[in-house]
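The block underneath contains the structure these notes are about, expressed in structure tokens.
The values are calculated or read from the model by the stated rules, or taken from the named source; none is laboratory data. Since we're looking at a predicted model, the values are computed, not measured. Note: ideal-geometry Cβ built from the backbone for every residue, glycine included; neighbour counts use all protein chains shown.
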Amino acid sequence: MDERRATGVIVGNRGRNALQEAMLGSVSMTLLRQASCPVLVVP
């Protein structure tokens, strides 16, 4: 994201259950942890 100088990111959340989330991970959760700009996750 730094290359494009994003001021924010908006992503959707597919609504997996807790077990699927724990086993497979989540792109939205990874973005929340690693993005250098604000992230808005929309259910």
### Query
Quick one: would you say SER28 is on the phi < 0 side of the Ramachandran plot, at pLDDT 70 or above and within 8 Å of the chain's Cα centre (by Cα)?
yes
### Query
With (1) hydrophobic (A, V, I, L, M, F, W, C); (2) touching a Ser or Thr at 6+ places or on another chain (Cβ under 9 Å); (3) modelled with pLDDT of 70 or more as the list, and MET1 as the residue in question, which single condition is left unmet?
(3)
### Message
Restricting to segment 4-25, name every residue that is modelled with pLDDT of 75 or more, outside any strand (DSSP E or B) and surrounded by 10 or more Cβ atoms within 10 Å (Cβ to Cβ).
### Response
ALA6, GLY8
